[in-house]
Amino acid sequence: MRISAGNSPVCVWPNKTKKSGYFMNHGFLQDVLAGLRLPQKALPPKYFYDAQGSEYFDKICELDEYYPYRTELALLPEVAQELKQYVAQQPIESIQLVEFGAGSLRKVKPLLQELSLIKEFVALDISGEHLKKASADLAESFPDLQIKVAQGDFTKPIELELSEATSMGFFPGSTIGNFEPEEASDFLRNARATLGEGSYMLLGVDTKKDQQMLERAYNDSKDITARFNKNILTRMNRELDANFHLDQFEHLAIYNQDLGRIEMHLRSCIQQEVQIAGESFQFKEGETIHTENSYKYHPEEFDQLASSAGWQREKIWLAPDGIFAIMLLHNADNVRD
Ligand code: AVJ
């Protein structure tokens, strides 16, 4: 993915061909077929976020049970203030802020309000429509800010036109938890290459905690998370000619203590067969599709991960009871691959 200048969204989604009146996304089809042929059926969580899925996710963020969102948002004004003081003590003239998985753009606001050194903002997200709406709002609130938005898959390496400014990545929400630890390290290493020497990365990380609190966050009483999870079935039905029956699958979210991750699955209630783009898939009763991992890290565990990718932790902010962490990483000159 290559991000170029210009204020209107750049569509950089690859592999789209027009087929019988609608767009078939071949990356999606390939990933689905490959994932469902595995002994443990699995789908990449990035496919949750079509327009409907992004709306469900925004609703999840309004839930009291979903502590990561509200906790991080509450912590951000303090982070922004201290960051401002920190930045003032560094040889930094201006900042280019790059948000990965920008979504609704709510979290960047406290940073933009406090840090006037941010002259340029680059927003990357997989859901283009969502981002387009949000960036128009942002442009109104911050008329002097240069804004670039791009739809694309930031799990792949990206090329960025670096300006003279110091680059700072912003990856809130503990989305890094969707990666396997090794992939998270690869992502951080790629991001370090993208952002360049002397750059920074501000990251939200969800921490290990009480199992009940974790599981409640992914099993909300309004069943919004269940709908978010099942939306991937709706999406396959619509975009890939699949015939999933939504009421024959149930939402499952459990904390896997050994691996330190929340796992989401869709469990087949009965033995059944499903067709996707002409291929048949068998489900035993109780068999699951593994749809998401959400890894939780002790701050020290995360330090290790970050340093394995060549980043050094500069600062950490912890929410009350340590239920969420925001970290500032630095691509220090003395760190070599
Ligand atoms: C957007 C990946 C941070 O893992 O908590 C919320 C997604 N899944 N509820 C998370 C999600 C179910 C969320 N992230």
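Rounded to the nearest whole Å², what accessible area per residue is found for the chain with the 1.4 Å probe?
Numbers: 15700 Å² over 337 residues.
Per-residue accessible area for the chain comes out at 47 Å².
Summarise the long-distance tail of P(r) for segment 206-304 by giving the % of C-alpha pairs beyond 18 Å.
Values: 2565 of 4851 pairs.
Above the 18 Å cut-off, segment 206-304 has 53 percent of its Cα pairs.
From the convex hull of the Cα coordinates of segment 96-247, what is the mean projected area in square nanometres?
If you wrap the Cα atoms of segment 96-247 in a convex hull and average its projections, you get 11.6 nm².
What FRET efficiency do you get for A74 and S280 if R0 is 41 Å and r is their Cβ-Cβ distance, rounded to the nearest 0.05? Before the final figure, lay out the partial values.
On the way: r = 48 Å, r/R0 = 1.18.
E(calc), rounded to 0.05, equals 0.25.
Using 7 Å Cα-to-Cβ label points, what is the H245/L162 separation (nm, one decimal)?
5.6
What does a probe at T234 reach in segment 247-285, counting residues whose amide N is under 16 Å from the point 7 Å along Cα→Cβ?
Within reach of a label on T234, which here means backbone N under 16 Å from a point 7 Å along Cα→Cβ, segment 247-285 contributes 247-251.
On a full-extension model of 0.36 nm per residue, what is the gain between D31 and E129, subtracting their alpha-carbon distance, rounded to one decimal in nm? Write down the numbers at each step before the final one.
Values: separation 98, 0.36 × 98 = 35.28 nm, distance 2.22 nm.
Stretched fully, the D31-E129 segment lengthens by 33.1 nm.
Rounded to whole Å and sorted largest first, list the principal axis extents of the Cα atoms in segment 97-162.
Taking max minus min along each principal axis of the Cα atoms, segment 97-162 gives 31, 25, 16 Å.
Determine the equivalent ellipsoid of segment 145-205 by diagonalising the alpha-carbon gyration tensor, then write out the semi-axes as square roots of 5 times the eigenvalues, largest first, rounded to whole Å.
Working: eigenvalues 79, 34, 29 Å².
Whole-Å semi-axes of the equivalent ellipsoid: 20, 13, 12.
Could you work out the relative contact order of segment 93-142? I mean the mean sequence separation of Cα pairs under 8 Å and 6+ apart, divided by the number of residues, in percent.
Values: 51 pairs, mean separation 23.7, N = 50.
It comes to 47 percent, rounded to a whole number.
Against the longest principal axis of the chain, how steep is helix 26-36, in degrees 0 to 90 to the nearest 10, with axes from Cα atoms?
60
Show log10 I(q)/I(0) for segment 193-264 at q = 0.19, 0.21, 0.25 Å⁻¹, two decimals, from a solvent-free Debye sum over equal Cα scatterers.
Those come out to -0.85, -0.91, -1.07, one per q.
Roughly how tilted is helix 181-195, in degrees to the nearest 10 and between 0 and 90, from the longest Cα axis of the chain?
40
Given K148/K315; K133/K156; K156/K222; K156/K315, which pairs have Cα atoms separated by over 30 Å? Intermediate values should be presented prior to the final figure.
Details: K148/K315 28 Å; K133/K156 24 Å; K156/K222 34 Å; K156/K315 27 Å.
Pairs exceeding 30 Å: K156/K222.
Sort out for me the Cα centre separation of segment 70-127 from segment 285-316, rounded to whole Å.
Cα centroid of segment 70-127 versus Cα centroid of segment 285-316: 22 Å apart.
Which links in K46/K208; K59/K284; K59/K132; K208/K230; K109/K230 stretch past 28 Å when you go from one Cα to the other?
On the way: K46/K208 23 Å; K59/K284 32 Å; K59/K132 19 Å; K208/K230 26 Å; K109/K230 31 Å.
Among K46/K208; K59/K284; K59/K132; K208/K230; K109/K230, the Cα-Cα distance tops 28 Å for K59/K284; K109/K230.
Label-point separation (nm) for Q89 and D321, each offset 7 Å from Cα along Cα-to-Cβ?
3.2
Sort 298-308, 201-211 by packing, meaning the average of other beta carbons within 10 Å per residue, with the highest value first.
Listed from highest to lowest mean packing, they are 201-211, 298-308.
What are the residues whose amide H is under 5 Å from the amide H of I147, where those residues sit 5 or more places off or on another chain and H is modelled from the backbone?
Those qualifying (amide H under 5 Å, at least 5 residues apart or on another chain) are F121.
For the chain, take every pair of Cα atoms, bin their distances at 20 Å starting from 0, and report each bin as a whole percent.
30, 58, 12, 0
Helix 51-62: angle to the longest alpha-carbon principal axis of the chain, degrees 0 to 90, nearest 10?
With both axes taken from Cα atoms, the answer is about 60 degrees.
The values are calculated or read from the model by the stated rules, or taken from the named source; none is laboratory data. Note that the structure is predicted; figures quoted are calculated from it, not measured. Please note: Cβ atoms are built from the backbone with ideal geometry, for glycine as well, and neighbour counts cover all protein chains shown. Surface areas here come from the heavy atoms of the whole protein model, side chains and all, with no ligands, DNA or RNA. Shrake-Rupley method; radii C 1.70, N 1.55, O 1.52, S 1.80 Å.
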